[in-house]
Structure formats: structure tokens, C-alpha cells
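**Student:** The structure under discussion is supplied below as C-alpha cells; questions concerning it will follow.
The values are calculated or read from the model by the stated rules, or taken from the named source; none is laboratory data. These figures come from a predicted structure and were not determined experimentally. Calculation scope for accessible area: heavy atoms of the full protein, side chains included, ligands and nucleic acids excluded. Shrake-Rupley method; radii C 1.70, N 1.55, O 1.52, S 1.80 Å.
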Amino acid sequence: MTDFHRKIDEASERIEKESAEFVQYLNNEVVPAVRQHSTKALRVAAEKLAKLADYMDQHPTASK
């Protein structure tokens, strides 16, 4: 095997290893953080919509 082919093989193995580590990082760190912030944003939006509904109930002419 030539030196060039060996370097290509080593680079390929390293890319595969680092890709797997990157996917694992995404799954373990990024995805849970995104989900947590997404659910928090949904809860805030739901709270604001509930307040808007309450306001519209209390001020029926303002919503027409």
C-alpha cells in the first residue's frame, strides 16, 4: 500500500469516527436542548393565547 493510500485510509477512518461522535453529540446534547426550548416556547405561547382568550371574553366588543 502506498503512503498516499494509507493516508487516505487513515483520513477516512478518522472522518467516520468523528462523524459518529458528532452524531452522538447531536443526539445527546443538541436534540434534548432544542426539545426543551421548543416545549418552553409552546407553553409560553399557550399562556399568551389563554390570556388573549380571557381578554376577548371580558371585552366582547373589542373582538368584533
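**Student:** Take the solvent-accessible surface of the protein heavy atoms, probe 1.4 Å, and return the percent of it on the chain that carbon and sulfur atoms account for.
**Tutor:** 59 percent
**Student:** Considering only protein heavy atoms, what per residue accessible area in square angstrom results for the chain with a 1.4 angstrom probe?
**Tutor:** Solvent-accessible surface per residue comes out at 95 Å².
**Student:** Against the longest principal axis of the chain, how steep is helix 31-58, in degrees 0 to 90 to the nearest 10, with axes from Cα atoms?
**Tutor:** 10 degrees
**Student:** Could you tell me which label, among (i) -0.40, -0.79, -0.94, -1.35; (ii) -0.51, -0.86, -0.96, -1.20; (iii) -0.70, -0.86, -0.92, -1.03, carries the value of log10 I(q)/I(0) by the Debye sum over Cα atoms at q = 0.15, 0.21, 0.23, 0.28 Å⁻¹ calculated for this structure?
**Tutor:** Working out log10 I(q)/I(0) by the Debye sum over Cα atoms at q = 0.15, 0.21, 0.23, 0.28 Å⁻¹ from the coordinates points to (iii).
**Student:** How far is helix 3-25 tilted off the main Cα axis of the chain, in degrees rounded to 10, range 0 to 90?
**Tutor:** 20 degrees
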